[in-house]
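Worksheet: one structure, shown below.
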Amino acid sequence: MKNKQNQFQVSTQERYQLVDVTDRVEEIVQKAGIKDGQVLVFLPHSTAALLLTENEEGLKKDWLDVLKKLISGFDFRHNRIDDNADSHILSGLVGQARILPVEDGRIVRGTWQQILLAEFDGPRTRRVIISVIGS
Ligand code: ZN
């Protein structure tokens with residue numbers, strides 16, 4: 001059993017933004033030298049998240065519309081000290097980590113399953129940690 005860890009950074013430009021990181025995760029997995037196992041994709045952040053969805057411009061806007069509507073209309077207490085309660089809640093709801101299977105050194109995923117970093121409190125620089133485990 002081997003475990004290879006790596007990471008990369010993503011700079012976002014908007015407060016709410018979806019950024020496709022599939023190619024960068026794939027590259028790390030392919031270079032990890034692990035044929036079969038799993039990959040953990042993790043964000044060490046509490047105001048961003050990871051989504052598996054289709055990278056299509058309309059759908060990305062749809063996602064952000066739905067998510068913003070979900071958390072609208074609340075009188076957030078956290079905003080009295082740090083104006084980003086919505087960002088923390090969306091990050092928790094969508095999730096800060098994903099686990100995907102690795103087969104023949106490649107991530108197993110559907111055609112319309114890209115890995116998107118969801119920024120909810122940008123612009124910021126985000127760290128994406130990749131941990132590949134297997135043999
Ligand atoms: Zn905060």
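The values are calculated or read from the model by the stated rules, or taken from the named source; none is laboratory data. Predicted model, so just to flag it, every value in this text is computed and none were measured. Every residue, glycine among them, receives a Cβ derived from its backbone with ideal geometry; neighbour counts consider all protein chains shown.
Just to verify a result, which residue in region 34-50, among those that are away from the ligand (no atom under 16 Å from the Cβ) and of a type in the set (A, V, I, L, M), is surrounded by the most Cβ atoms within 10 Å (Cβ to Cβ)?
39
Identify all residues within region 111-126 that are of a type outside the set (S, T, N, Q) and in a loop (DSSP other than H, G, I, E, B); write none if there are none.
112, 120, 121, 122, 123, 124
Could you pull out the residue among 96, 113 that is modelled with pLDDT of 95 or more and away from the ligand (no atom under 16 Å from the Cβ)?
113
Pick out, from region 31-110, the strands (runs of 3 or more DSSP E) lying fully within it that include 2 or more residues that are within 18 Å of the chain's Cα centre (by Cα) and of a type outside the set (A, V, I, L, M).
37-42, 97-103
Can you tell me which residue in region 51-90 is nearest to the ligand (Cβ to nearest atom), limited to those that are out of contact with any helix residue (DSSP H, G or I) (no Cβ under 7 Å at 6 or more places or on another chain) and touching a residue at least 40 places away in the same chain (Cβ under 8 Å)?
Ranking the candidates gives 87 first.
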